[in-house]
Every structure is written in C-alpha cells, then in structure tokens.
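Written below as structure tokens is the structure these notes are about.
The values are calculated or read from the model by the stated rules, or taken from the named source; none is laboratory data. Please read these numbers as outputs of a predicted model, since none were measured by experiment. Cβ atoms come from the backbone with ideal geometry, glycine included; neighbour counts cover every protein chain shown. Please note that ligands, DNA and RNA were not included when accessible areas were found on the heavy atoms of the full protein model with its side chains. Shrake-Rupley method; radii C 1.70, N 1.55, O 1.52, S 1.80 Å.
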Amino acid sequence: MKEVTATAQTVEEAVHLALAQLNVSKERAEIIVVDEGKKGFLGIFGARPAIVKAKLIYNPIEEAEKFLKSVIEKMGIQADIQKIENGRNAEFILSGEQMALLIGKHGQTLNSLQLLAQLVANRYSEHYIHITIDAENYRARRKETLAQLAQKLADKAIKTGKEVKLEPLPAYERKIIHAALAERKGIKTYSVGTEPHRYIVISPDQ
Amino acid sequence: MKELIETIVQALVEYPEDVVVTESSNENTITYHLSVHKDDIGKVIGKQGRTIHAIRTVVYAAASQQPKRVVLHVEDKG
C-alpha cells in the first residue's frame with residue numbers, strides 16, 4: 001500500500017503536500033494527522049511543524065479489473081470486459097474474437113485468470129472478495145455438462161456396483177457435481193486427495 | 001511474452017521492482033527465467049503451487065499463438 005508522510009507549517013499545508021505527492025484527490029486517500037504542530041511563542045520558541053500521513057485507498061475490484069485488462073492485452077488478445085459488481089463479489093464477462101484461447105481446455109485458462117485476478121483484488125482488500133470470470137457463457141455451459149456427466153457416472157456406479165473416480169476438478173466444479181447428485185438415491189459422493197488434485201468419487205450404496 | 005510475465009508477477013508481489021525476467025532459447029524452446037525478491041517467492045508459487053500453475057497456464061495459452069515451445073522457470077536464489 002502506498003503511503004507518504006509530509007511535513008509543513010500547518011496541517012492543511014501538509015495534507016496538500018501529501019496529496020500532491022500521491023497525485024490523488026482528497027477522496028482517494030486516508031489522512032492521519034501525526035502531529036498538529038505548534039506555532040510557538042512569537043513564532044520562534046517551541047515551534048513544531050505539522051506532520052500528516054496520507055495512505056492511498058484502493059478499490060480492490062478496480063485493481064482486479066485493471067490487472068485483467070493489461071494481462072489480456074499482453075496476451076495479444078482483444079477483448080471487452082464487462083463488470084458486474086455485487087458487494088464483495090464481482091463478475092467480469094469477457095467478449096471478443098479469441099475467447100476460445102482465453103477459456104482454454106476445460107476452462108483452465110479462464111480459471112487461472114480468475115485465480116490471479118482474485119489474488120490481486122484481495123491484496124487490496126481487508127474483506128475477502130470473490131471474483132468470477134466468464135466468457136461466452138462458459139460457466140453455465142460447463143455447469144450443465146458437469147451435471148449431465150454426474151448423472152451418467154452415477155448410472156455407471158449403480159450398474160457396476162463399483163466406485164467411479166472423476167478427474168481432479170476445482171472446488172466450485174466439484175460442488176456442482178455434489179449438488180447434482182445430492183438427491184440421487186443409491187449412491188453417495190465424496191472428495192479425495194489434496195488440492196489441486198482433489199477429485200470426486202461416486203460410490204454405490206452397499 | 002516477457003512483458004506478460006512481468007505484468008502478472010508485478011501485480012502479485014510486495015517488491016515489484018525486484019521482478020526480473022530473462023530469456024534464453026534454443027531451436028524449439030524459449031525459456032523464461034523469473035526471479036523475484038526472496039520474500040516474494042512463496043507468493044509467486046502459492047499454496048501447493050497454485051499461483052505458479054495459474055501463471056504458467058496463462059503464459060502458455062498466450063504462447064500457443066507462436067511456434068516455439070515456452071517454458072517458465074522460477075529461479076531459486078536459495
């Protein structure tokens with residue numbers, strides 16, 4: 001976090017100096033008066049300058065958006081970013097020509113961008129901020145695919161009477177599968193292994 | 001590619017001025033050597049290597065547009 005300290009004859013002047021150093025307006029900084037200063041007797045004895053600290057206030061979601069924008073640009077991809085903010089959650093929706101490249105196999109590039117943007121946002125935030133990145137409705141399509149896959153594998157587990165292991169999936173994709181099979185009779189689901197290799201097992205009831 | 005790596009890593013670390021990326025290449029591979037402040041190594045790698053894995057995924061996706069294979073290596077200064 002960027003922080004500067006300024007010293008001047010009065011608090012007002014010190015604040016002015018500090019803001020000038022940060023190059024921001026009053027609204028974008030948190031001001032802490034360290035010492036109000038003293039004029040001193042006849043302006044000679046016991047005079048003390050005023051000291052203030054100014055700290056830049058960041059908007060974590062804005063920082064994440066800036067990050068995403070410059071990363072995509074440096075990847076050599078032209079994309080528009082639409083931002084939907086909802087308290088501590090933010091969703092960025094990407095659109096443009098080369099979305100397949102940004103999504104990647106099984107969404108792994110999209111998931112990686114999401115993880116990195118989330119790390120950036122949370123560097124600037126005291127509360128946990130959740131970031132989702134989507135392109136071409138990938139998240140909804142993926143959810144449908146996973147739910148279908150879950151039902152198919154549940155059928156298999158019941159038919160064969162054997163456990164079915166899935167490929168490792170990120171936490172929110174595992175959640176989709178657990179949820180899809182929560183009501184399903186004859187099987188139960190659980191996860192095994194440690195991140196990022198944690199995977200689901202569908203196990204038929206004995 | 002070098003700029004992409006710098007952009008990503010500088011946004012994650014405490015000492016962005018210490019982020020250095022150098023490259024070496026042979027016939028079919030370009031290797032990028034990433035070096036960061038020693039206090040930032042953990043940040044760049046992340047829990048179970050999650051962060052470096054994500055960085056590599058993004059970098060390799062960008063690199064898929066050009067013919068040479070790309071490798072991202074984190075220098076360990078010890």
In a Gaussian network model over chain A where Cα atoms closer than 10 Å are linked, find which of A:Arg139, A:Arg48, A:Arg174 has the largest mean-square fluctuation. A:Arg48
Anchor A:Lys66: aspartates and glutamates whose Cα lies under 15 Å away (excluding residues fewer than 8 positions away in-chain): A:Asp80, A:Glu85, A:Glu91, B:Glu6
Taking Cα atoms, how many degrees apart are the long axis of helix B:50-63 and the longest axis of chain B, rounded to 10 and kept between 0 and 90? 30
Suppose we keep just the DSSP beta bridges with both residues in the protein assembly as shown; what percent of those would be antiparallel, to 5? 75
Taking every pair of distinct Cα atoms and averaging 1/r, then inverting, what Kirkwood hydrodynamic radius in Å comes out for the stretch A:60-136? 12.3
Chain B, accessible area per residue, ligands and nucleic acids excluded (1.4 Å, Å²): 54
Show that you can apply the helix-only estimate: for chain A, add -39,500 (n - 2.57) for every DSSP H stretch of four or more residues, divide by all residues, and state [θ] at 222 nm to the nearest 500. -13000 deg cm²/dmol
How much accessible area is lost when chains A and B come together, counting both sides, with a 1.4 Å probe, in Å² rounded to the nearest 100? 1700
Assign unit charges at the C-beta atoms only (+1 for Lys and Arg, -1 for Asp and Glu), then state the dipole size of chain A relative to its Cα centre in Debye, rounded to the nearest 20. 800
Quick check on packing: order A:159-171, B:27-39 by the mean number of other C-beta atoms within 10 Å, highest mean leading. B:27-39, A:159-171
Using just the alpha carbons, could you tell me how many Å³ per residue the convex hull of chain A encloses? 160
If you count the DSSP beta bridges with both ends in the stretch A:71-147, what percent of them are antiparallel, to the nearest 5? 55
Name the shape class, rounded, prolate or oblate, that the alpha-carbon gyration tensor gives for the stretch A:140-204, where a ≥ b ≥ c are the square roots of its eigenvalues, rounded holds for a/c under 1.5, and otherwise prolate holds if a/b is larger than b/c and oblate otherwise. oblate
³J(HN,Hα), Karplus 6.51/-1.76/1.60, whole Hz, each residue of the stretch A:189-199, x for Gly, Pro: 10, 8, 10, 10, x, 10, 4, x, 9, 6, 9
If amide hydrogens are placed 1.01 Å from N in the peptide plane, which non-local residues have theirs closer than 5 Å to the one on A:Val34? A:Ile51, A:Val52, A:Lys53
At a probe size of 1.4 Å, how large is the accessible area of B:Tyr15, to the nearest 10 Å²? 80
Of A:Thr145, A:Thr194, A:Thr109, which has the largest mean-square fluctuation in a 10 Å C-alpha GNM of chain A? A:Thr194
Quick check: convex hull over the Cα atoms of chain B, volume per residue in Å³, rounded to an integer? 85
By a straight-distance test (C-alpha under 21 Å), which lysines pair with A:Lys175 as possible cross-link partners, with residues fewer than eight away in the same chain excluded? A:Lys105, A:Lys143, A:Lys152, A:Lys156, A:Lys165, A:Lys185, A:Lys188, B:Lys47
May I ask for the distance between the Cα centers of the stretch A:13-28 and the stretch A:119-196, given as a whole number of Å? 48
Quotient of C-alpha Rg and 2.2 N^0.38 Å, computed over the stretch A:3-56: 1.17
For the stretch B:1-76, what is the relative contact order in percent, using Cα pairs closer than 8 Å and at least 6 residues apart in sequence? 33
So which GluC sites (Glu not before Pro) in the stretch A:20-77 pass both tests, a DSSP loop state and at most 16 other Cβ atoms within 10 Å of the Cβ? A:Glu36
Which residue, A:Ile57, A:Ile93, A:Ile131, tops the fluctuation ranking in a GNM of chain A built on C-alpha contacts under 10 Å? A:Ile57
Compute, for the stretch A:60-136, the length of the dipole vector about the Cα centre, with Cβ point charges of +1 (Lys, Arg) and -1 (Asp, Glu) only. Units Debye, rounded to 20. 240
Leaving out ligands, DNA and RNA, and with a 1.4 Å probe, what % of the accessible surface on chain A is carbon or sulfur? 51
Charges only on Cβ, +1 for Lys and Arg, -1 for Asp and Glu: so what's the dipole of the stretch A:3-56 about the Cα centre, in debye to the nearest 20? 100
For the stretch A:8-94, state the semi-axes of the equivalent ellipsoid (square roots of 5 times the eigenvalues of the alpha-carbon gyration tensor), sorted largest first and rounded to whole angstrom. 44, 13, 7
Between A:Thr194 and B:Glu17, what is the label-to-label distance in nm when each label sits 7 Å out along the Cα-to-Cβ direction? 3.7
